[in-house]
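These notes concern the structure reproduced below.
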Amino acid sequence: MEQGLRLLIQLIIEFAPVIASLVQKNNEASVDITSQEKTAQAQTLLQSVNNSQRQIQYIEGFEEGKTEQQQLAVYYRQMQLKIATQEQTTALHLPELQKLFEGWPLRLYPSQILATDTNNGRKPLKIFLAPPQVEFDTFAHQQEEYLDIELMLAEGLRTFIGQHYSLQNPVRGTEFLAGAWNSKRFHSESSIKALFAMLRTEPILILESELDGDYLNFRIAYWGLGQDNYYYKTISRLPYKKIIYQSAKKRALEWKKIRDELISLGETIEEINHLGGDNVVNLSILEKLEKWQNKGIDISKLSLQYQVNRQDFEQLCQVLITCHCLVASWIADAYYLVYYDVSPLLPDLLPNLLESDLDLPSLKTIVTGYKQLYQALEGEKLSWIPELALQLAQSLSHLSDRSLAQEQVDYSINTWLQLRQVPPQQWSQPLQAMGSAVKLEDEEYVQKLKEYFVAVEEEEIVNHVEEILDAIALLKRQYQEEYASLRHTLTGHSGKVISIAISSDGETLISSCTDKNIKIWNLKTGEFICNLTKNSGEISSIAVSNDGNLLAVGTYETPRSNVKVWHLQTGKLIHTLLGHHKPVNVVAMSPVSILSPEGTGQILASGGNKIKVWNLQKGDKSGGNLQSDRISTLWHSSVVNTIAISPVSPASALGISTILVSGTGDQKIKLWNPHTGELLRTLTGHSGAVNSVAIGSTGVGDILFSGSADKTIKIWKLATGKILHTLTGHTDAVKSVAVSPNGDILISGSTDNTIKIWRWETGEVLQTLTGHSGTVNQVAISPDGEYIASCSADKTIKIWQINKVI
């Protein structure tokens, strides 16, 4: 629709630079944790006092508990003082709040709006509708009942959002709050300012229309996460009377065709006009105007009123619905792109949203707006650009003019070549340059390229793309002769990736980084899902529970280092375990529920200068009733680098059902009974710090694997402590080891930037995986043995597909 298109164009002209600046701001600096804590202080004050009491209970019975209780007593008194100060501040601000609520434009209270839960760790964009109050009685001969513009507009927008951006959508969840705006009383800046003052922590879009003579002023108000101010501007003036009259004229011209057909059949003009209703009057006006215009009369000076009916008002409603849908979609896409790295959806929807053909200048404006966003992403997310630009090209492929689509394809391919560091000037065609650098993980992108060129009927280019796909097929056959091949390289962290974990269902990968972020990914597709949390402190290690619901996070924060437990499905922090006074270097969780007969117990161990062993007892499915009991403290004389927990074979000579193994900086490995804290055995043999341990159940019993700064991996018989093998091959410290589900294959990652796949019983290196440009900090194997994940100091995560069952 023409009006909807013009509105979208005006929005992009005004708003694209704003969004681009937000992208750059997000790239330059993370959100200040101190300001976040200040914002949340009032909400968490009482909870902190209650937690203080619980923390005292956690440390009773331990020597260090005495000091902790004294600290908490001081903390408790400080909290009481803060509560009193907060109450005083609230009393002083109460008159101001009352005045603020007098100008409150919504039918909902702030507490109701703020109560919305996050969706997969993401704050949904909230959309409010401030509809126009159209005076239908200004139209001549209007006898039908008036339409409720607000209801029709809300229903149309609700249908669109429900189909593409519903609150239940895990990727682009949007909350549409129809009917919340008191449209008969409130419009303009004062209302927006009042909302921003109370709801600045929530991402909000307000779609506002206000009557201004023969026009509707269409405005938007928007603010995202962490913005210091709001954006509020009129982006279009819709000539609503003209739209209604155009509908009436269109009906009259359609009636003229029917009238002429009836006359040709011999019907009298009187009978025909009796059937025509208001179309007869409107057609008469049109014919007069045509006659006067032919006589040279300037009809623009004439003021004639057409007779309108419900159809014409419904047409106005449809135009408004399209305009609102276009704007809501564009800004929702921009919000999720900036804050959650989600690719835009509107390019795919645009052809169906706009019924008429789009003129080239208008399309250029739309494309330019998207390109501004993509160029703003280049600094931190250059690897996204080929896919995003190609998606936009595909949405333009149906146009007769191919120039805009081709511009986006060129941008996509050139960026792809830039990522591969291939200079295109050395080749006669960009596709030839692509063929020289293509990799197995490029198959999906190249397949989309082929789909685009098929759609635009470029047969010669399709043949070139098929040659590239043939090269990828050849790579596939070559990789099938190897154990593993690279499928995805995940970028998004801005610092060294320290730790990774794979969920028990093998679907999800979690990563932590020195940038203090925890990210969640789809293991098999490499798709980024969400940030679980930002600014969690210096994260050292993460571990996932056996049911995939809980994530334990260890931090380097001192002097009160802690372990936080998050619920992965809701993204909520549900528990904090205190007790460490030095950095928590590692956390580990038992692979099965092994403590209680009901199967609800989960062992969690956290290691710093000592190891604390916890029993986590879960309540409801949301994890909200999680309780913890400290089972034991395992004392060490050196820093703990690594922990592994495992059930022990009933036939084991150790005589226990569960074992905990720790590796330390003093080159030792210790075996513990985690229930009693009893030290079972100390293993020596490494000449450097023990960085990683793993336990595997094999055909020859339970086997312990250890990787060390001495560049070796040692294989131990768990029951006896005997060294079975020493594996050499890495040229620098071994940072991580992981064992396959069947226990036959060992994976190791090293400071030498490589990953090795071993058949440990023979000491054979089956394959060395290269690709990381920094230390491989951790490796992990999926429960089904089909994927290896590795994280590195080079800020990336790589996912490798296993070509042979391990």
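The values are calculated or read from the model by the stated rules, or taken from the named source; none is laboratory data. Quick caveat: nothing in here was measured; it's all calculated off a predicted structure. Glycine gets a Cβ as well: all are built from the backbone with ideal geometry, and neighbour counts include every protein chain shown. SASA here: full protein model, heavy atoms, side chains in, ligands and nucleic acids out. Shrake-Rupley method; radii C 1.70, N 1.55, O 1.52, S 1.80 Å.
Of the residues that sit in the range 544-600 and are acidic (Asp, Glu) and over 20 Å from residue 531 (Cβ atoms), which one is modelled with the highest pLDDT? Result: 547. Applying the condition of being out of contact with any Gly (no Cβ under 8 Å at 6 or more places or on another chain) and either among the hydroxyl-bearing types (Ser, Thr, Tyr) or on the phi > 0 side of the Ramachandran plot (or both) to the range 177-216 and asking which residue is modelled with the lowest pLDDT yields 183. Would the range 485-504 turn up any residue that is surrounded by fewer than 18 Cβ atoms within 10 Å (Cβ to Cβ) and out of contact with any strand residue (DSSP E or B) (no Cβ under 9 Å at 6 or more places or on another chain)? No, the range 485-504 contains no residue that is surrounded by fewer than 18 Cβ atoms within 10 Å (Cβ to Cβ) and out of contact with any strand residue (DSSP E or B) (no Cβ under 9 Å at 6 or more places or on another chain). Restricting the range 700-737 to residues that are under 18 Å from residue 767 (Cβ atoms) and hydrophobic (A, V, I, L, M, F, W, C) leaves a set whose member that is surrounded by the fewest Cβ atoms within 10 Å (Cβ to Cβ) is 727. The criterion of at least 3 residues that are under 14 Å from residue 646 (Cβ atoms) and among the β-branched types (Val, Ile, Thr) is met, among strands (runs of 3 or more DSSP E) falling completely within the range 678-760, by 690-698.
Residue 438 meets each of the listed conditions (1) loosely packed, with under 14 Cβ neighbours inside 10 Å; (2) modelled with pLDDT under 90 apart from (1).
Listed by first and then second residue, the pairs with beta-carbon distance under 7 Å, at least 6 apart or on different chains, first residue in the range 659-670 and in contact (Cβ under 8 Å) with a residue 12 or more places away in the chain and open to solvent by 10 Å² or more (accessible area, probe 1.4 Å), second among the small types (Gly, Ala, Ser) and in a strand (DSSP E or B), are 670/662. Screening residue 341 with (1) on the phi > 0 side of the Ramachandran plot; (2) at pLDDT 80 or above gives one miss only, at (2). Of everything in the range 450-480 that is in contact (Cβ under 8 Å) with a residue 60 or more places away in the chain and within 30 Å of residue 791 (Cβ to Cβ), the residue that is least open to solvent (accessible area, probe 1.4 Å) is 479. Count of the range 772-798 residues, restricted to those that are of a type in the set (D, E, K, R) and either at positive phi or not in a loop (DSSP other than H, G, I, E, B) (or both), is 2. Residues that are touching a Leu at 6+ places or on another chain (Cβ under 9 Å) and not in a strand (DSSP E or B) within the range 662-677 comprise 668, 674, 675, 677, listed in sequence order. Among the residues of the range 479-486, at least one is over 22 Å from residue 383 (Cα atoms) and modelled with pLDDT of 85 or more. Search the range 286-323 for residues being within 43 Å of the chain's Cα centre (by Cα) and open to solvent by 70 Å² or more (accessible area, probe 1.4 Å), and hand back the single one that is nearest to residue 346 (Cα to Cα). So, considering only residues that are within 43 Å of the chain's Cα centre (by Cα) and open to solvent by 70 Å² or more (accessible area, probe 1.4 Å), the one nearest to residue 346 (Cα to Cα) is 318.
How about the range 161-182: which of its residues are buried (at least 20 other Cβ atoms within 10 Å of the Cβ) and touching a Cys at 6+ places or on another chain (Cβ under 9 Å)? Result: 161, single match.
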